[in-house]
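Since the structure comes first, as structure tokens, the remarks are kept for the end.
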Amino acid sequence: MSELAIDRTIDRSHMQVSDEVAIQITGMNKWYGAFHVLRDINMTVNRGERIVICGPSGSGKSTLIRCINRLEEHQQGQIIVDGTELTSDLKNIDKVRSEVGMVFQHFNLFPHLTILENCTLAPIWVRKEPRKEAEATAMHYLEKVKIPEQANKYPGQLSGGQQQRVAIARSLCMKPRIMLFDEPTSALDPEMIKEVLDTMIELAEEGMTMLCVTHEMGFAQAVANRVIFMDQGQIVEQNEPKEFFNNPQSDRTKLFLSQILGH
Amino acid sequence: MSGTKANSASFVRDTMLSEQDPPITERGVVKWARENLFSGPLNTFLTIIGAVAIYIILKGLAPWLLHSVWNANSAAECREIIAAAYGEGAHGACWGVVRERWAQFLYGFYPSEHYWRVNLTFILLFVALAPILFANLPRKMLWFSVIYPAVALLLLWGGSVWVPVAALAGFALGWLAYRFALPVTGSLAATVAAVLVPIIWWLFFAGWFAGLAHGILPLGMEQVPSSKFGGFLLSLTIGVTGIAFSLPLGVVLALGRQSDMFLVKTLSVGFIEFIRGVPLITLLFTASLLLNYFLPPGTNFDIILRVIIMVTLFSAAYIAEVVRGGLAALPRGQYEAADALGLDYWKAQQLIIMPQALKISIPGIVSSFIGLFKDTTLVIFVGLLDPLKGITDAIRGSFEWKGIYWEPFLFPALIFFLICFGMSRYSMYLENKLKRDHR
């Protein structure tokens, strides 16, 4: 777990949290077989919030955000994303998935398609955009993540950091209203972590609603408006970053913070 | 300071060395032979054993091949020519049998005045295959590939134009059923309808429709019954059709086996395990004998069609397992990324999963195809004249070619080899073309 200092100044003019609810989770429980992974999760995410979720491994943080676009199924309680409740109804699931972008730890780019094709695939096949338009959008976002010149290469020819930035661009091409990040920098070298975090910071500066599972506490302090600490499948503590890091309340949080910040 | 020069560390070269060849033992043929043939006692020993084996084979084979006779009209004439040229007791290959009977190897007992129909079908086969095999050809050509089976059916068997039209209409009806059922019943029921409607059409209405249409507008060609088919015409008909249908069926079975739906999964697993568990010959016997008990009395179900169905099912079961291997090799993340982007199951399969899984499975799939093509010789067991045993026996049974042994086997073997080797090379070309990593 690294703590990378964020040394840039952050433009907070667009980082506004509105009253509109983006995600509402009430009384949610999930089991893997008999194992109770998520226990009575209640949380509300407003539009424009930047939330960092942290916790020891196995605490259920990845599972939690994977429930938000139904990569994992919950067995009890309610998850409402942008007014659509996630049930087994496939239409609702596809609707939510096309509104919610997701970035994975291992990038999960499609190796048989070029970078540009990776980015245009979903807009063309899900949003039914004309190819020309989808390509223009894709180039726009590739420029944003600063790799337009790689558009015609294949993922295998790019470095890890570049691949993760492509993955972010690919999600953005669907013009999502919410972005989920599942440990986006855990598989990267320190230099590459920085380029990916920079991209994420720029996204936050534009006012994107973001949920990030990450151990980058520097990022949490600089960008998040709320930090959630999870352990044993439950939300143990949540607070605004300054309070969370300087004045943790529960013993579990104190222990966790001392372990990841104490060297 | 005078003594320092001798043990000084400083050194200046005054004459540059010119480039030299490596020693004789380290270059060219000698080096290659040292490294690959005589690198150690064991290797040297094996080289000598190998050389002796090659010598013994050539000693037996070379005179036989060198004494080849092309211009002879019977086995006896061959023997006379060889005896006259190389002395009494000399052996020689008698290729006269190939010269005289090549048409039988290729066409079986197809009437010779209609050979052009077979030839045309064969040429059109390449036109139909080209856009499937090579992605850089215009996509519009695929329309011909779609109607090609009907064209081939008409050219090979002849009869009314309306039979292949009725057969094609089944697919069109299936598509229509899917289109109209989709908004009303949802995708699963629509898929079932798309399968059921054509089957009902083919079983109960297609014959009636073809008869009716032929009564109104009689168009067609002279009919050639299946019993006249033989040789490579038969092998290729069964092989190509089997290959064309077993791949999609195999993919569907592989997906079925991975399905979350209990019934679909159970049926797929049951089908695959059953078909793989019995020999192909059993299935062929089933096709030729047992099927008659199950079909409504009076239905005349063509024997070649029955064999094609069985060969297709057989090969599909193997391909399903090969494709499942490809699916298993894909990381979970590919499915998740496709899901997270909002692609539905079929689009994810079509755009993300299958292109990668099939690419991984290419060697296995092509192996299955090669196996299927060679297995077409097994149709001899249900009385069809395959090029290897069926035709060869017919030739050796004739008065002129009595006593000839190797030659009528070698000729079809050569053709089989060329076709199978071609498939193998194409698979390597495709693998190379689809390579995406570490370029």
Non-local residues with an amide H under 5 Å from the amide H of B:Leu330, with H modelled 1.01 Å from N and Pro and chain starts lacking one, are none
Ordering of A:47-53, B:245-251, A:26-32 by burial proxy (mean other Cβ atoms within 10 Å per residue, highest first):
A:47-53, B:245-251, A:26-32
Karplus 3J(HN,Hα) series, Hz, for region B:404-420 with 6.51 cos²θ - 1.76 cosθ + 1.60 (x for Gly, Pro):
7, 10, 6, 4, x, 8, 5, 5, x, 4, 4, 5, 4, 4, 4, 5, 5
Please report, for the Cα atoms of chain B, the Rg to one decimal and the Dmax as a whole number; what are they, in angstrom?
30.4, 122
How large is the Rg to Rh ratio of region B:365-413 when both quantities use alpha carbon positions and Rh follows Kirkwood?
1.08
Please report, in cubic angstrom per residue, the volume enclosed by the convex hull of the alpha-carbon atoms of region B:159-221.
69
Per principal axis, descending, Cα span of region B:23-96 in whole Å:
58, 22, 18
Can you sort B:Phe109, A:Phe245 by solvent-accessible area, 1.4 Å probe, largest first?
B:Phe109, A:Phe245
Antiparallel content of DSSP bridges confined to the protein assembly as shown, in %, to 5
55
So the compactness index of region B:83-181, its C-alpha Rg divided by 2.2 N^0.38 Å, takes the value 1.74
Taking only the Cα atoms of region B:79-123, how large is their convex hull per residue, in Å³?
98
Would you kindly derive the ³J(HN,Hα) couplings of region B:38-46 from the backbone phi angles with the Karplus curve 6.51 cos²θ - 1.76 cosθ + 1.60 (θ = phi - 60°), listing them in order in whole Hz, with x for Gly and Pro?
10, 6, x, x, 5, 4, 4, 4, 5
Give the calculated FRET efficiency between B:Ser398 and B:Arg276 to the nearest 0.05, with a Förster radius of 41 Å applied to their Cβ-Cβ distance.
0.55
Residues whose modelled amide H sits under 5 Å from the amide H of A:Gln234, counting only those 5 or more places away in sequence or on another chain, are A:Arg39
Globularity ratio of region A:50-209, using Cα Rg and 2.2 N^0.38 Å
1.04
What is the sum of charges, Lys and Arg at +1 and Asp and Glu at -1, for the other residues whose Cβ falls under 14 Å from the Cβ of A:Gln234?
+1
Taking the alpha-carbon set of region B:292-410, what are its Rg and Dmax in Å?
22.1, 73
25 °C / 0.890 mPa s Stokes-Einstein diffusion coefficient of the protein assembly as shown, Kirkwood radius on C-alpha pairs, µm²/s:
77
Under 27 Å from B:Lys347, Cα to Cα: lysines that are on another chain or at least 8 residues apart
A:Lys91, A:Lys95, A:Lys128, A:Lys132, A:Lys153, A:Lys175, B:Lys140, B:Lys265, B:Lys359, B:Lys433, B:Lys435
Candidates B:Thr312, B:Thr241, B:Thr44, ranked by Gaussian network fluctuation over chain B, Cα under 10 Å, top entry:
B:Thr44
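The values are calculated or read from the model by the stated rules, or taken from the named source; none is laboratory data. Remember, predicted model here, so these are calculated numbers, not experimental data. Every residue, glycine among them, receives a Cβ derived from its backbone with ideal geometry; neighbour counts consider all protein chains shown. For the accessible areas, the whole protein counts, side chains as well, though only heavy atoms, and no ligand, DNA or RNA atoms are used. Shrake-Rupley method; radii C 1.70, N 1.55, O 1.52, S 1.80 Å.
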